[in-house]
Amino acid sequence: MKLRYGRTFFIGLAFMSICAFWQLYDNIVPLMLKNTFGLGETLTGAIMALDNVLALFLLPFFGALSDRVNTRLGKRTPFIIIGTAIAVVLSILLPIADLAGNFVLFVVLLGLLLMAMGTYRSPAVALMPDLTPKQLRSKANAVINLMGTLGAIYTLLMIKLLISKEERPSYVPVFLAIVIFMIISVFVLTLTIKEKKLSAELQDDEPEVATESTKPTKTALSPEVKRSLIFLLLSVFLWFTAYNAVTTAFSRYAEVVWSLGGGDFADCLMVATVAAVISYLPIGILSEKFGRKKMIIAGVVLMIISYSSGALFTQYSGWLNVVFAITGIGWAAINVNSYPMVVQMSGGGDIGKYTGFYYTFSMAAQIFTPIFSGSLLEHVSYRTLFPYSAVFSVLALITMSLVKHGDVKVVKNRIR
């Protein structure tokens, strides 16, 4: 059985639109809070962490809720359509509140917008495993991650093209560009992906799969599978703790330790992003051949090597591009396979719920690590950043080695 790349592309449109929005949120909202409303770094950081806090509660809830929904459009599509529609309206109003300088209205709209995004992220992500044979999910997830990156790149291009260099620019044009992108993406998704029909076809056509842990209906996990799931989710927390520490503090680290000025630090991050984009599809193919767990472990080892190497540089060097290329490849190997392993341990009717579990642990790490690593940077030394990430990656390697379930093998039918 081969992956239908065209279908997977259309399934990934919702995730692509979500990534486009979050790139906008991460880059523009802090500027609004600082330049328009005059907030300090601490309060700005607290507000920016609100999305991760809300995600801890919203993503598992709406993921599980979508498991129980049964409409003519399917389980996930209604959440994607309604959530996107609400988010689009609020995204148009947010920059208007910024222009008006109305802080109360801005915060209310921002809170509602974050809740709207939280209602459909898990259902949107769960759509891929719903409509993809189990043994092809790593390869499909590579396509989904690639599309998410393209959505983020689109937003960066719009930011570069549409934001003027005025002291207080209007962000309405760039928000409109992302809103239109989200509308078109979800519209094309609804035209091309008939969720209920495709789900029924998959149940009829999928070959027998040896899953050790999954059945087509909701079932209680065995103690062995539950143990694997716990160790896998702990691994998710640990490698996100390591990775997010670097991504959130790198611009400051590059300035303080390597004396890089302006936006020169972005070169390393761009190298990592490009390396990940190039790696997604090959890693998906290799995962199908060698197994998800082996590819994840290889990815974690690469992350340990890159973080440990980064700690050795006392000043900027061109060799850091090699280090960050390794980071991008390692992170791609982890990302492509970790989510499919989590949902592989779910019952067939629990994919949305387990998608919520995955995001709960990844979001918890992104709340924890800026605070913990930030305190080390402030009170000990900036040089603690890369060793910090290397240590948490080693811990992730240990917990991941204890995961015994989540891979899948196709069982060929014997001819009698």
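Details
- Separation of alpha-carbon centers, segment 50-86 and segment 1-34, rounded to whole Å: 16 Å
- Of the complete DSSP H runs in the chain, those spanning 20 angstrom or more by Cα along the long axis with a mean Kyte-Doolittle score not below 0.5 are 13-31, 50-68, 77-100, 103-130, 137-162, 172-192, 223-256, 266-290, 292-310, 320-344, 385-401.
- Rg and Dmax of segment 254-374, Cα atoms only, in Å: 16.7, 53
- For segment 336-366, the residues whose backbone nitrogen is under 18 Å from a point 7 Å from the Cα of Ser199, taken along Cα to Cβ, are 343-357.
- Under a Gaussian network description of the chain, with springs only between Cα atoms under 10 Å, the residue in Arg137, Arg121, Arg252 that fluctuates furthest is Arg252.
- Alpha-carbon Debye profile of the chain, log10 I(q)/I(0) at 0.06 Å⁻¹: -0.24
- Computed over the chain, the per-residue total of -39500 (n - 2.57) for DSSP H runs of n ≥ 4 gives a 222 nm mean residue ellipticity of -26000 deg cm²/dmol, rounded to 500.
- Whole-Å semi-axes of segment 1-131's equivalent ellipsoid (Cα gyration tensor): 31, 15, 13
- Gain upon complete extension [Leu156, Ile184; 0.36 nm per residue less C-alpha separation]: 8.3 nm
- Counting 0.36 nm for each residue step from Asn70 to Leu312 and taking away their Cα separation leaves a gain of 81.7 nm.
- Residues Leu127, Leu33, Leu395, ranked from the fewest to the most other C-beta atoms within 10 Å, line up as Leu395, Leu33, Leu127.
- Taking the chain and dividing mean pair separation by its residue count, relative contact order in percent (alpha carbons under 8 Å, at least six apart): 28 percent
- Taking every Cα-Cα distance in segment 78-177 and sorting them into 10 Å bins from zero, the calculated P(r) comes out as 14, 33, 33, 15, 5, 0 percent.
- Segment 376-400 and segment 119-195 have Cα centres spaced 31 Å apart.
- Among the listed pairs Lys2/Lys289; Lys134/Lys196; Lys75/Lys293; Lys2/Lys194; Lys139/Lys404; Lys197/Lys289, a Cα-Cα separation exceeding 23 Å is found for Lys75/Lys293; Lys197/Lys289.
- Ordering Ile230, Ile296, Ile304, Ile371 by the number of other Cβ atoms within 10 Å of each residue's own Cβ, fewest first, gives Ile371, Ile230, Ile304, Ile296.
- Fluctuation leader among Glu166, Glu288, Glu201 - the chain, Gaussian network, Cα springs under 10 angstrom: Glu166
- Listed residues Phe231, Phe392, Phe372, most fluctuating in the chain (Gaussian network, C-alpha, under 10 Å): Phe372
Each reported figure results from applying straightforward, stated rules to the coordinates on display, with no laboratory input. All figures in this text were calculated on a predicted structure; none of them were measured in a lab. Please note: Cβ atoms are built from the backbone with ideal geometry, for glycine as well, and neighbour counts cover all protein chains shown.
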